[in-house]
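Structure first, commentary second.
The values are calculated or read from the model by the stated rules, or taken from the named source; none is laboratory data. Please read these numbers as outputs of a predicted model, since none were measured by experiment. As a convention, Cβ positions derive from the backbone with ideal geometry for all residues, glycine included, and neighbour counts pool all protein chains shown.
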């Protein structure tokens, strides 16, 4: 697990090694163990290493085939041992035991098809010193990040956006991306809030040859193909075997591996399987002081039943708000998911004991874990009503006061799935954004983001369509973004055994009636785990990671929120009177606006860090102060 930066020199452009070192300094947290650089007439790159595999010989940039091919690589390849054995049989030679060198050998053999053979999480850039071809790729599911920018007659790339901002000094805001952020609570790929900086999408690679434009191509698209299942028990056994294989491969490392553990079934399954492979594995949990907002007790009980050690931490409101600006800084773009912040604390806790940690992300998207996936079943009544009647009922429901019992049910039932569901978060609707934004653009509704995916999955059942939407949006833009940045901020490598090529190949075939069944979510996954997962969590309802912002914004954080909105220099983008009305209504208990307010507040803190560079109200601005230095290419 590491980080890298670089630039491809175009006609008339040149990036110095000092420029690359400036970019690389911004991601020291991704690789505190070592750094390395390479430059020639075509490319200059820098690398930060967090040593996990082949501790002595895994430094980068790494060369192969008498220094013809060079690579910078962030991530882990879990099938590298098997690939290496195949390549050795064909006469390929290796001087290290690293997965990085295997990627280079694969590129020599397969060229731009290399990425599709890799099982793991990865972002890498390879250049061929003979042909001058530059090839880069991002893993199939978007676990690892890869940003790029076209500027100053060069093509820049980096693991984190902050490296590019540091060099390019671009302080503009993409207002369409901002509009999407206000609905999704994250900026959907491939955009960022910075107009000049984009993300290579998940399952894509890029190629740059001399004299040609940068080309971005798809090599993998996750699609669901549900099939009829005749034997549930046989399927459950296959799921358990596939997960065990994934966990075993995800535990390949030359350093200590631990695991996150919440009060839910997903992380419990991972820990239960990991315990079979590493009996002394340590687990880590966090929670809050307020009653009902901590799963530490359940996690401790699970750990006790499994016979593993659990180390936990209670997060106070004071600690939460002290670290919040540094969390925002680590995200690159605003991420307003309140449940993302505790992982920042969890990563710091785990890093005190291990260098690699496992997590349960991805199980909900692959196996039907969200309660909202049951919504199509609860709304079948409206499918039998004439469309004209549904239209009338929808209009009537909108006239009812907010909070009136039955209004939301009627609205959802009379709204097409494509407009009703755009992922696990839908914060601001278009009329609300029109009231909040200074420059609302009516031609860019939030449905533009999901429309291509809905078009592609239109032949699937509603539940599977919802999973598919989350796979392409929520999982990448929220969960995996958070997973990478919070753990890398603590110099911790996080691995996701559920988000695996082989696990997905099986999960994509499971029909909806085996995911949402018998009054539970993830039915077939729970069934698969019955023999090795403790009963206290096996059929426990999903809670997510509850954060008490609803209460804090009325009490402990009330003054902080009001001062932040009133003083922040964001009038060019937001109408503060509307934001303050949301806060007033929330604080007097008229309506719960906590998620809307958190989305606004997160953007404001991000704006203070990345745009206005005003840190006067931060408790500890030290970790983000590097951005205040003037950029070399401003």
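Numerical summary
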quantity: Filter result for the condition that a residue is in contact (Cβ under 8 Å) with a residue 60 or more places away in the chain, part of a loop (DSSP other than H, G, I, E, B) and surrounded by 14 or more Cβ atoms within 10 Å (Cβ to Cβ), over 426, 433; calculated: 426
quantity: Number of positions in segment 384-402 that are under 37 Å from the mean Cα position of the chain (by Cα) and over 30 Å from residue 582 (Cβ atoms); calculated: 1
quantity: Within segment 198-315, helices (runs of 4 or more DSSP H) holding 3 or more residues that are touching a strand residue (DSSP E or B) at 6+ places or on another chain (Cβ under 6 Å); calculated: 265-277, 296-306
quantity: Search result, residues across segment 10-41 that are more than 18 Å from residue 626 (Cβ to Cβ), out of contact with any strand residue (DSSP E or B) (no Cβ under 6 Å at 6 or more places or on another chain) and crowded, with 17+ Cβ neighbours inside 10 Å; calculated: 39
quantity: Sole residue being surrounded by fewer than 18 Cβ atoms within 10 Å (Cβ to Cβ), touching a helix residue (DSSP H, G or I) at 6+ places or on another chain (Cβ under 8 Å) and at pLDDT 95 or above, chosen from 617, 578; calculated: 578
quantity: Single residue of 249, 230 found to be at negative phi and surrounded by fewer than 20 Cβ atoms within 10 Å (Cβ to Cβ); calculated: 230
